[in-house]
Every structure is written in structure tokens, then in C-alpha cells.
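Note sheet for the following structure.
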Amino acid sequence: MDRQLFLETENKLYRYYKKDKLMESLNAKIKLFESQVQTIDNELKSCSVNIEPNIKPISYEERVQTSGDGTSYAERETIRITEYKIKRKTAIMLEKEKILEQIDTIERDALEIEWKIKDFTGELKTLLELKYKKRYGDIKIGEELHLSQSQINKRKRKLIQHIAGWDQWGKIS
């Protein structure tokens, strides 16, 4: 078994055992993004734009329109603020889509790993949970299972080969 496949399979196992925490975090972000988009939509619908006036001393001279396009300061500021809010909303929606894509990937990987490890029982299942769920080191796992480090490494390699073997078998057909 090559090192790259071993590491990829191990990473899938780590992600599988921490998926609940990760999914909770990603779903909280999605709710935050939805709330932010709703707030921006409400501000845009209610035309809630706060413009700071150009503070200039009062002049009693003749006033001349200096805008080349015929828009006033208030109109230009309103347009600028509205465009900024629309850009913010678009950026938030893009971030939300990226997170939804992450959730899809996590769910797909979790289903794949769950299907592959469902038949493991006893010491093999315990080894998986200690190593990848609880993230114990080899020494601590050895104490829990009463095994030497070399025995742990052999069993871990065997487990990873078995799990990765499903991928290899699927690629052959």
C-alpha cells in the first residue's frame, strides 16, 4: 500500500469521527449567513440608508450644479451604499454555497466510511475509536488494549489496508 493512499484513508477516518462537531459548526455558520442576508434584504427593501451630509460652511453665493450626470450628492451616496450592500450580500451567499459544498463532501465521505467499517467489531472497532475518534497515541492505545506498539501499528495498517482496499476494488471494476 502506498503512503499517499494510507494517509488519505486515515484522513477520511479522522473526518468521519469528528463529523458531528464539524457539521454543527458549519450549520451554525449557514444560519448566521442566512440572518445576515435577511438583514441586508430588509435594509434594501426599506431603503434604510443613512447619508452623512457634506458639512460645508453656509455660503450666500450663487449656487451652480457641478454634477456632470445630473445626480445629487444624496443620490450618488444612496447608489454607492446600495451597491455596497448588494456586493456584501453576494459575497455572503458565495460563502454559504462553499459551506454547503463542504457539508455535501463530509456527508458523502461519512457514508462511505460508515459503510466500510460497519462490520468491524471488538478490538478492531475499539482500536478505530481510540485512534481516530479519541485521538489517543499508540502508547495510550497499548495501555487500553494491552498491546505493544508494534502490534498496534500492524493492526492499524491492516485496518487501513482493508478500508482502502474497498476503494481499490471499486476502481478495478
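The values are calculated or read from the model by the stated rules, or taken from the named source; none is laboratory data. Computed from a predicted model, the values in this text were never measured in an experiment. Because the Cβ atoms are built from the backbone with ideal geometry, glycine has one as well, and the counts that use them run over all protein chains shown.
Only a single item in (1) in a helix (DSSP H, G or I); (2) at pLDDT 90 or above is not met by ILE113, and it is number (2). A Cβ distance below 9 Å, combined with a sequence gap of six or more or placement on separate chains, defines the contacts here; from the range 68-80, residues that are on the phi < 0 side of the Ramachandran plot and in the same structural domain as CYS47 (by TED's automatic domain parsing) reach residues that are acidic (Asp, Glu) and loosely packed, with under 13 Cβ neighbours inside 10 Å in the pairs ARG76/ASP69; GLU77/GLU52. Within the range 27-37, none of the residues are at pLDDT below 95, over 16 Å from the mean Cα position of the chain (by Cα) and not polar (S, T, N, Q). Screening GLY137, GLY142, GLY165, GLY122 for residues that are modelled with pLDDT under 85 and of a type outside the set (S, T, N, Q) leaves exactly one candidate, GLY165.
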